[in-house]
Amino acid sequence: MTTQPNSQLHDHVPGGPLDEKWTRHKFDLKLVNPANRRKFEILVVGTGLAGASAAATLAEMGYSVTSFCVQDSARRAHSIAAQGGINAAKNYKNDGDSVHRLFYDTIKGGDYRAREGNVHRLAEVSRQIIDQCVAQGVPFAREYGGLLDNRSFGGAQVARTFYARGQTGQQLLLGAYGALMRQVGAGRVKLHVRKEMVDLVEVDGVARGIVTRDLTNGQFERWAGHAVLLCTGGYGNVFYLSTNAKASNVTAAWRAHKRGAFFANPCYTQIHPTCIPVHGEFQSKLTLMSESLRNDGRVWVPQDGGDGRLAAEISEGERDYYLERKYPSFGNLVPRDVASRNAKQVCDAGRGVGDTGQAVYLDFRDAIQRDGRDTIQARYGNLFDMYARITGEDPYSVPMRIFPAVHYTMGGLWVDYNLESTVPGLFVLGEANFSDHGANRLGASALMQGLADGYFVVPATIASHLAGRTLPPVDTSHEAFAEAEAASQKRFQALLAVQGSRTVDSFHRELGLICWNKCGMSRNRAGLEEALQSIRSLRAAFWQDVRVLGDARSLNQNLEHAGRVADFMEFGELMVNDALQREESCGGHFREEHQTEENEAQRNDEGFCHVTAWEHRDGDSEQQHTEELAFESVQLSTRSYK
Amino acid sequence: MSTSTTGDLSLTVHVWCQAGPDQPGEFVTTALTISPDTSFLEMLDCLNEQRMAGGLEPIAFDHDCREGICGMCSLVIDGKPHGPEQETTTCQLHMRTFNDGDDIWVEPFRAKGFPILRDLVVDRGAFDRIQQAGGYVSVNTGSAPDAHAVPVPKPAAEEAFDAAACIGCGACVAACPNASAMLFVAAKVSQFALLPQGAPERDARARSMVEAMDAEGFGNCTNHFECAAACPKAIDVTHIARLNREFLRSSLRPRG
Amino acid sequence: MPSWIGRFLSSSVGKKTVMAVTGLSLVGFLVAHLLGNFSLYTGGIEGFNEYAAKLEDLGGLLMAAEVVLFAVFVIHVSLALRIVRENRLARDEAYRVRATMGNSTRASRSMAITGLVVLLFLIVHIIDFRVPTLVGDMDNLGAAVVERLGSPVGATVYLIGILALGLHLRHAIQSAFQSLGIQHPQWTPILRVGALALAAALAIGFASFPIYCLLSQGAASAGVN
């Protein structure tokens, strides 16, 4: 692995003052004549917040759009599961919020590892997003006067989070889905469900199509277009257990990576502090509970390790409210990475609770005493019900047990200011790209970014590609399609041909465990090097011993899963490599070698104030590139929540 | 398989298997020991691992988020869509609901509007097509006024939310003795009928969504209200009354 | 017929509306019928015959009312048959395990059967009393009613018919309000109780006649012997 700083990475952030860049850029961008737009075929992969909003908006503008998703309906994309809310710098609460403050909080929250220009644009368009969603009929929470309510979320010092009970992601996605359905009904979007993208097709170095596999009958199909938009979400399921949906996967992004799209910062994964702990060997996924719970719940563990008593039997003096103790000014509301890491530390010290010792208490006793059970029920009733349903325990009478879980991935395919990857014509939106959250994402910012990319950014910037490049006619008979389809067929046949003895799931679980233990909440060189070896040998074992039943010509969920796990195996190695080379702690990436005396993350701004982007080379090697991050408007400082 | 520990449930699970859309199907029976703390879908995962260990193909079933919000999971368990618990999707149903020694019957959602693709997987594309007929507010990106331009009374917003909570799972259809999709359609029509943003397209929406629903081969609502009892999001039949009213109103007004 | 009416009538919600309107009209008729029948209690057989004669005196008006009633009934029944057929088709393969979710009732699930029984009963009822009066074959309608309803066979037939009617109405009346979109957070629960009370009142009211006749015939024959 060698480093070639900036060798191919032009961020294309326009010049000028930070708050004028986006306006200026929009003006400077080439335009596509409205009459010509329908001649451009745009392929949009994924129908989450980013994909649905982009497909709908591009179709509204007049482009011909074809949209794909792996689920049975566009409405199922995992954006739907986001609970908390969406940030916007509306300052409706008159508490001093502004575009600049949202920008600043996001940059700082990301531990200064995001691009200033992108983040400022995100803060700018955040306001339009709310306008758009309200106009679509998204039922945001309102006050008695009929105006929108806001709350403070994830430790923000201003109330800028718009929310729809605990189902904000669902309501925003249904808004975007509605917009998409409107365009499908009008014939301007052709929607294909239960189709998985299995390869990207490039002609003359430009993304000109994709190959999909129909999940109902195994058929491979070729789709040609003038641009490809990947809106395929994050790679959290490399950890097997995560809060992601079961079908969330890295395949589309990984296939694009293997065709030349650089993968940036894969080591940045977000571990969410308030999830329901693992219960047993068949656990298939982890369930997140909104971190709004931390507004009233107090996090604690017993003072002494090995305390097997029930929570109620442990007196006040024997409890360690460790977040309140260590971070008196933020207390239980410290950012996600800090809360997660501290939970791991106390559990590693043997002070964890529950059967597995891999949990900490989130206690509402004091809040119920202070505000009354009814108030707490009104605030968190649905979350308490969910907890009771899953664990069989009543959180009103015994403290919740929580543990961190993989939740979001800040890394993703590298994109420039236009959201275009290193493959011309390939745009990457939402969680699938790396752009706006740096090393750590703030609460209520994922929905904002997905919709910003889809509603406002790509519909403007895609013209730079469509109008700026000569795109000769290409159809699916081009040999590049034949090659990509043949390669895909071969890959799936190879999976069926192994005929080994272990199930796909068992490999996935093992991979997940390696990643979680060695490349999870905290990492160190020895562990990462070990993980690298383990993943390599696991991957070899997978290709020798996996058993995929059924055939390639029918609905075969086992084969689907096998294809995704095969890609996760390759991706996992890159993630670990990335964590290995980043000799610092920042945001979600905590390297044990790099911590302060108080066990806080220690950034290395001299050596690592950059994006690491990986280029896939023939023979399975990865070439490292960097994009230096220049900060003009903010001073780099150490995040402190003391 | 898992080593049996005290408290584990021994179950006999009968699952509908069907190789493809037009193939005959049958129940296959599997004996299984499982911890009461596993979820229903994890039980099926386990059952599939057991099948695969014996060289049998796993049973196909739809699922995705496994936290009760995406609407992808389905299943009729012992005659009830999403199983015996109220306001619970199959993915959130846990095995502690069942007793040691139980026989459990697992069937797909059955309706002409939801053709079976394989085993327990059905095609709910009809719901998407109904949405396409009018389940939206026609507002192009970028053309929206400020979010505070139109206040919405809190009670209307709350009731609209109750309807908007629909996850499109299709349990209402599966539970309805007539396989009617009224609750699904009502939820969308009602949400927009309650909000000022939905007002301009109110008439056209009610008419065209009902027409689209009828075209999909769903049955007619006869007010059994089984849908509401099956709905994992507790959407009430008052929304169906509102749909009836909206449809009547729109039918009596001139077509635009 | 303008096309919008056709579209309305063939839509699932339109059909519900028509079922509700025709159904409620028939309920209105039942109420009038029952009130008329009470003349048997207030005036005995003579009083009943006087009431019948008054109706006959309406002449053309009565005829018109009956034609309308018949038409309403035919619409209600034929639409019901169509709905039942469509609903059967909407689920081609039945569930192996049948379970109710708890909101449907025996009455709601047996609307087709109770409707059919009511239809058969109505045919018997018309042959019993309306056909003979129409062709002028019946001088003493009141006596015929008491005789027919007072016989064990007659009483059984009528009680079965009325029971079916009661079950049908138990679901039908409150359901009609829902179908017409009449829904109000405060009023609907009251309306629903009222609908159930009306259904019960109609069923009990009608059922009282065969029971009354059975008892009075029994008393009469006991007196003769």
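The values are calculated or read from the model by the stated rules, or taken from the named source; none is laboratory data. Predicted model only: the values in this text are computed from it and were never measured. Glycine also receives a Cβ, built like all others from the backbone with ideal geometry; neighbour counts cover every protein chain displayed. Heads up: the accessible areas ignore ligands, DNA and RNA and are worked out on the full protein's heavy atoms, side chains in. Shrake-Rupley method; radii C 1.70, N 1.55, O 1.52, S 1.80 Å.
Express in % the proportion of alpha carbon pairs of the stretch A:272-407 at distances exceeding 17 Å.
Working: 5147 of 9180 pairs.
Cα-Cα pairs of the stretch A:272-407 separated by over 17 Å account for 56 percent.
Remark: the stretch B:125-252 carries 26 Å² of accessible area per residue (probe radius 1.4 Å; ligands, DNA and RNA excluded).
Working note: Cα atoms of the stretch A:137-237, range along each principal axis, descending, whole Å: 55, 33, 27. To the nearest 100 Å², how much accessible surface do chains A and B cover up together, summed over both, with a 1.4 Å probe? By this definition, chains A and B bury close to 6300 Å².
The C-alpha atoms of chain C define a longest principal axis, and helix C:12-37 lies at about 20 degrees to it.
Measure up A:Lys258/B:Lys188; A:Lys90/A:Lys642; A:Lys108/A:Lys518 against 31 Å on the Cα-Cα distance and list the ones that go over.
Values: A:Lys258/B:Lys188 42 Å; A:Lys90/A:Lys642 28 Å; A:Lys108/A:Lys518 27 Å.
Pairs exceeding 31 Å: A:Lys258/B:Lys188.
For chain A, report the translational diffusion coefficient in µm²/s to the nearest whole number, using Stokes-Einstein at 20 °C, 1.002 mPa s, and a Kirkwood Rh over Cα pairs. Please list the in-between numbers first.
Values: Rh = 24.9 Å.
This corresponds to a translational diffusion coefficient of 86 µm²/s.
Comparing mean-square fluctuations of C:Gly150, C:Gly194, C:Gly102 from a GNM of chain C with C-alpha springs under 10 Å, the top value falls on C:Gly102.
Residues of the stretch C:1-33 that bury at least 10 Å² of accessible area when the other protein chains are present, relative to the chain alone (probe 1.4 Å, heavy atoms, ligands and nucleic acids excluded): C:Trp4, C:Arg7, C:Phe8, C:Ser11, C:Ser12, C:Val13, C:Lys16, C:Thr17. With 10 Å² as the minimum drop in accessible area between chain alone and full protein complex (1.4 Å probe), the qualifying residues in the stretch B:26-60 are B:Phe27, B:Asp37, B:Thr38, B:Glu42, B:Asp45, B:Cys46, B:Glu49, B:Met52, B:Gly55, B:Glu57, B:Pro58, B:Ala60. Sequence-distant contacts, meaning Cα pairs under 8 Å at least 6 residues apart, place the relative contact order of the stretch B:125-252 at 35 percent. The radius of gyration of the Cα set in the stretch C:123-225, together with its Dmax, comes out at 18.1, 61 angstrom. The mean number of Cβ atoms from other chains found within 10 Å of a Cβ in peptide A:68-81 is 6, as a whole number.
What do you get for Rg/Rh over the stretch B:125-252 if you use C-alpha atoms and the Kirkwood form of Rh? All intermediate terms of the calculation are to be shown ahead of the outcome.
Numbers: Rg = 14.4 Å, Rh = 14.8 Å.
Reported Rg/Rh (Cα atoms, Kirkwood Rh): 0.97.
Contact with the other protein chains removes 30 Å² or more of accessible area, compared with the isolated chain and a 1.4 Å probe, from these residues of the stretch C:76-91: C:Asn87, C:Ala90, C:Arg91. Inter-chain Cβ neighbour count for C:176-183, averaged per residue, equals 6 (cutoff 10 Å, partner chain atoms only).
Computed over the Cα atoms of the stretch A:479-627, what is the convex hull's projected area averaged over all directions, in nm²? Intermediate values should be presented prior to the final figure.
Numbers: hull surface 43.5 nm².
The Cα convex hull of the stretch A:479-627, projected and averaged over all directions, gives 10.9 nm².
Ligands, DNA and RNA excluded, the heavy atoms of A:His12 present near 100 Å² of accessible surface to a 1.4 Å solvent probe. Note that chain B, at 4 °C in a medium of 1.567 mPa s, gets a Stokes-Einstein diffusion coefficient of 66 µm²/s from its Kirkwood radius over C-alpha pairs. Ignoring ligands, DNA and RNA, what percent of the 1.4 Å accessible area of the protein assembly as shown is carbon and sulfur? With neighbouring chains kept in place, the figure for the protein assembly as shown is 55 percent. Once the gyration tensor of the Cα atoms in chain C is diagonalised, the equivalent ellipsoid follows with semi-axes of 35, 22, 17 Å, ordered largest first.
The mean number of Cβ atoms from other chains found within 10 Å of a Cβ in peptide B:69-76 is 6, as a whole number.
Given in Å, the Rg to one decimal and the Dmax to the nearest whole number for the Cα atoms of the stretch A:240-344 are 18.3, 60.
Kindly provide log₁₀ I(q)/I(0) values, in the same order as q = 0.24, 0.27, 0.28 Å⁻¹, from the Debye equation applied to equal alpha-carbon scatterers of the stretch A:322-396. With one equal scatterer per Cα and no solvent, log10 I(q)/I(0) is -1.19, -1.18, -1.18. Heavy-atom accessible surface of the stretch B:9-107, averaged per residue, reaches 31 Å², computed with a 1.4 Å probe. P(r) tail, the protein assembly as shown: Cα-Cα pairs separated by more than 39 Å, 51% of all pairs. Summing both sides, the accessible surface hidden between B and C at a 1.4 Å probe radius is close to 3700 Å².
Kirkwood analysis of the stretch B:9-107, using all unique Cα-Cα pairs, places the hydrodynamic radius at 13.8 Å.
Accessible surface for chain A, divided over its residues, is 32 Å² per residue with a 1.4 Å probe. Solvent-accessible surface (1.4 Å probe) assigned to A:Lys326 amounts to roughly 50 Å².
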